[in-house]
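Some notes on the structure that comes next.
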Amino acid sequence: SAKTHGRNRFNYFTPEMQNDAQKRMILVQELKNAIIQQQFELYYQPIVNLTTDKVVKAEALIRWKHPTMGFVPPADFIPIAEETGMIIEIGNWVFNQAIKQSARWSEIFNADIQISINKSPVQFKDETTDVQDWLLQMDELHVNAHHICIEITEGLLLDKEQNVESKLLAYRDAGLEVSLDDFGTGYSSLSYLRKFNIDYLKIDKSFVNNLMPDSNDLSLCEAMIVMAHKLGMKVIAEGIETEEQRALLELAGCDYGQGYWFSHALCHEEFEQKYLQQRAEPIQINQFTAR
Ligand code: C2E
Ligand code: MG
Ligand code: MG
Ligand code: MG
């Protein structure tokens, strides 16, 4: 590896790679700082029931606001967080933040909103943060299990070494739901759908981008929706940006939609302002503790 080359490592890189490696080193250092200095915020993107037009779910999406670099997109730092293992700490923070939000939305707004949390395969591999620990945290905050959904990607389901099946089962036994994110982009094998119980299939936005009547993409969306429904799953289309895309997907029988057409991801205050209504009467806290 570059490290074992010691002093010679900069000869080992081409000028371009050296630049990238330096950039990466800086980002790794800044990411460590970001955890300590709590530069992250969790945003929430509405997910709409396409039949009723109601916001019934929200995907929790991390935002990193760096003091000088500004907003760093997750695509630029999540892979690094995964490679360095920092995703464990970041992922635990995301989870904790999301379930606190869920408890708050239930208690203050009496809201029936499900929050989806992205969980990377690296987090599944980690034995220090097991499923039971997360379930315990939810219990302590009296979070309704149906209000939490775990988003996984196809790659995880092909991994034979992580007890994925039993971990997903533990979530579902506790009443959480599971989404399969970015569906259609990862692997061509569908055999894993036989083995795993998944509640939602999320059609990747690359199929939605150029959706037009009589297009191949529309045929693919229709086929994915029929397949999902036959297997007992609901379908969420991501990346809906136009009214036409929304209409075509609803016509194709898609259950839920997410995308800029409805809304970008919002900070929790804005989400609450736009989509949740505060209770008229303050409620007693023991109403919830006595569940
Ligand atoms: P994802 O889970 O597939 O999330 C959906 C991404 O699509 C989000 O990007 C969202 O902002 C974007 N999006 C939503 N609607 C539209 C649209 O209409 N058009 C377009 N072009 N994009 C749309 P974001 O927030 O930049 O996140 C990118 C990825 O980073 C996520 O993809 C997810 O894989 C990862 N990520 C984000 N937050 C977390 C997190 O808390 N934990 C983990 N492990 N990964 C996360
Ligand atoms: Mg997702
Ligand atoms: Mg997605
Ligand atoms: Mg995607």
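The values are calculated or read from the model by the stated rules, or taken from the named source; none is laboratory data. A quick note: this is a predicted structure, and the numbers were derived from the prediction, not measured. A quick note on method: Cβ atoms are made from the backbone with ideal geometry, for glycine too, and the neighbour counts reach across all protein chains shown.
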**So Leu211, is it under 30 Å from Gln132 (Cα atoms) and away from ligand 3 (no atom under 14 Å from the Cβ)** = no
**the stretch 56-77 residues that are under 22 Å from Phe109 (Cβ atoms), paired with ones that are within 16 Å of ligand 3 (Cβ to nearest atom) and assigned to a loop (DSSP other than H, G, I, E, B) (beta carbon under 7 Å, 6 or more apart)** = Glu59/Gln258; Leu61/Ala265
**So Asp112, is it away from ligand 4 (no atom under 16 Å from the Cβ) and farther than 28 Å from Ala34 by Cα** = yes
**Prompt:** Yes or no: Leu168 free of Cβ contacts under 8 Å to residues at least 40 places away in the same chain, closer than 19 Å to Ile198 by Cα, surrounded by 18 or more Cβ atoms within 10 Å (Cβ to Cβ) and touching a helix residue (DSSP H, G or I) at 6+ places or on another chain (Cβ under 8 Å)?
**Reply:** no
**Prompt:** Do you know which residues across the stretch 233-253 are among the hydrophobic types (A, V, I, L, M, F, W, C) and within 16 Å of ligand 4 (Cβ to nearest atom)?
**Reply:** Val235, Ile236, Ala237, Ile240, Leu249
**Message:** Testing Lys57 on (1) within 16 Å of Glu151 (Cα to Cα); (2) basic (Lys, Arg); (3) surrounded by fewer than 14 Cβ atoms within 10 Å (Cβ to Cβ), one condition comes back false. Which one is that?
**Reply:** (3)
**Prompt:** Of these, Ser102, Ser116, which one is assigned to a helix (DSSP H, G or I), buried (at least 19 other Cβ atoms within 10 Å of the Cβ) and out of contact with any Gly (no Cβ under 9 Å at 6 or more places or on another chain)?
**Reply:** Ser102
**Message:** Given the options Gln278, Gln258, Gln273, name the one that is modelled with pLDDT under 95 and polar (S, T, N, Q).
**Reply:** Gln278
**Item:** Check on Ser179, outside any strand (DSSP E or B) and among the polar types (S, T, N, Q)
**Value:** no
**Complete:** Taking the stretch 47-88 and the residues there that are closer than 30 Å to Leu248 by Cβ and part of a loop (DSSP other than H, G, I, E, B), the one that is nearest to ligand 2 (Cβ to nearest atom) would be Pro73
**Asked** Within the stretch 56-71, which residues are aromatic (Phe, Trp, Tyr) and either within 16 Å of ligand 3 (Cβ to nearest atom) or in contact with a helix residue (DSSP H, G or I) (Cβ under 8 Å, 6 or more places away or on another chain) (or both)?
**Response** Trp64
**Fill in**
Picking from Ser120, Ser106, the residue that is free of Cβ contacts under 8 Å to residues at least 60 places away in the same chain and either among the polar types (S, T, N, Q) or near ligand 1 (Cβ under 9 Å from one of its atoms) (or both) would be Ser120
**Prompt:** So which residues in the stretch 171-203 are loosely packed, with under 15 Cβ neighbours inside 10 Å and hydroxyl-bearing (Ser, Thr, Tyr), if there are any at all?
**Reply:** Thr185, Tyr187, Ser188, Ser189, Ser191
**Request:** Answer yes or no: is there a residue in the stretch 179-186 that is closer than 24 Å to Gln123 by Cβ and either more than 16 Å from ligand 4 (Cβ to nearest atom) or of a type in the set (Ser, Thr, Tyr) (or both).
**Result:** yes
